[in-house]
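The values are calculated or read from the model by the stated rules, or taken from the named source; none is laboratory data. The structure displayed is predicted, hence computed values, not measured ones. Cβ placement follows ideal geometry from the backbone for every residue including glycine, while neighbour counts extend to all protein chains displayed. Heavy atoms of the whole protein, side chains included, go into the accessibility calculation; ligands, DNA and RNA do not. Shrake-Rupley method; radii C 1.70, N 1.55, O 1.52, S 1.80 Å.
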Amino acid sequence: MKQKILITGGAGYIGSHTAVALVHAGFEPIILDNFCTSEKSAITGLSKIIGFTPIVIEGDCNDPQVIESVFTNHEIQGIIHFAAFKAVGESTKLPLKYYHNNIGSLVLLLQSMEKFGVKNLVFSSSCTVYGEPKILPATEDTPRQDAESPYGNTKKICEDILVDVTKSQKGNKIISLRYFNPIGAHPSSEIGELPIGVPANLVPFITQTAIGKRERLTIFGDDYDTLDGTCVRDYIHVMDLADAHVKALSYLAKQEDNFFDILNVGTGNGNTVLEVVKTFEKVSGQNLNYQIGPRRPGDVVKTWASTEKITRVLGWKPQFTLEDSLRDAWNWELKLAKR
Ligand code: NAD
Ligand code: UD1
């Protein structure tokens, strides 16, 4: 029988792509989402890719009754916990909204896992916990720094909660994946990123500018100590990230009880903002309207992942290039324009 995997936030950007990867790996996804930052169209899109409509429960991960009924009605064997708010700027204005949703939902899930004897959990963390790494690439042992935002702090606190729960010997098996910068879309263009309002992230801002939704991209600073003066990030295709979740779940199943580990998910390469812009122009055939503006307060100058550990532990390696990611992001934007 197929293993049932609860995907909280499974209608969101990374969750919907991971649902596809899970199905292709032989798992049965059970999606729990309240659609607070996603659209039902994501379910339609992913159903087209996998060839059937998965089980979708519309509900809040912070609602004990919802969680109770999910665990009662489905024999859940593992959980991937994506559901969270992620808008860094908003989190500085509404910190309690972030602490409530991001931390509250994890605590409730862990309580329910104990009650229903579910052991395996993959948690969505972020490279934001490293801040500006002193030595690059960032390894999993790179010290975490004080968070720049309440959002970043929720990821640190959640990781601390997972460590404490593991130490309490309740039998859990947990992996925290620290994502670098997920970009791109499923190559079919049936699902992709759906930013709310004006995108804060680089790639959706680029594609929205190229399609004409935004007038021009402002590059936040070109006087940093980098190759061309613009900031460096590790951009990872969302399907490679999705695959890392599948491999993490399979790996957890083989571990002894009371297991916790942290893995970076990036490509191991850093690219500047200008390199991303130039690569986008190449793969899309579009001339991007952009200007150089002031630095964005709080921006990390350079970060990219060491992938040594995830390759050694999971046998995972990224399959997509930056060109692939930007091509898929552009094709997704073209698809959205036809809606
Ligand atoms: P997203 O906003 O596209 O998806 C989150 C999903 O969770 C949405 O479908 C939303 O409706 C749902 N959700 C939120 N709160 C919920 C609740 N209380 N109950 C039920 N559903 C709820 O975001 P994403 O980019 O897919 O991010 C997924 C996870 O990965 C988040 O935890 C995020 O912090 C983390 N992460 C994302 C990035 C990134 O750049 N996208 C980077 C690092 C970490
Ligand atoms: C953002 C989040 C971070 C999260 C990460 C991965 C902020 C402050 N931080 O960081 O918490 O973990 O995404 O999802 O939002 N850029 C421009 N012009 C733009 C937009 C971005 O030049 O209009 C530049 C930025 O300065 C940065 C790069 O593009 O150098 C990437 O930016 P972004 O997509 O926001 O990701 P992060 O800065 O890594």
**Report entry** Percent breakdown of C-alpha pair distances by 5 Å bin, ordered from the shortest bin, for the range 173-235
**Finding:** 4, 13, 18, 21, 20, 12, 7, 3, 1, 0
Query - Orientation-averaged projected area, Cα convex hull of the chain (nm²) - result: 16.1 nm²
Report summary line: Taking a ≥ b ≥ c as the square roots of the eigenvalues of the Cα gyration tensor, with a/c under 1.5 meaning rounded and otherwise prolate when a/b exceeds b/c and oblate if not, the range 194-312 is prolate
Query raised in the report: So how do 224-231, 254-261, 290-297 stack up, highest first, on mean other-Cβ count within 10 Å?
Result: 224-231, 254-261, 290-297
Report summary line: Note on the chain: helices (DSSP H) long enough, at least 24 Å by alpha carbon along their axis, and hydrophobic enough, mean Kyte-Doolittle at least -1.0, are 150-167
Report task. Classify the range 81-191 as rounded, prolate or oblate from the Cα gyration tensor: take a ≥ b ≥ c as the square roots of its eigenvalues, call it rounded if a/c is under 1.5, otherwise prolate when a/b beats b/c and oblate if not. Result -> rounded
**Report entry** Gyration tensor (alpha-carbon) shape descriptor, the range 1-119, a/c threshold 1.5
**Finding:** oblate
Report task. Any chance you could look up the accessible area of residue 166 with a 1.4 Å probe, heavy atoms only, rounded to 10 Å²? Result -> 10 Å²
**Report entry** Out-of-range pairs (alpha-carbon distance over 18 Å; input 48/213; 213/335; 213/282; 278/338; 134/302)
**Finding:** 48/213; 213/282; 278/338
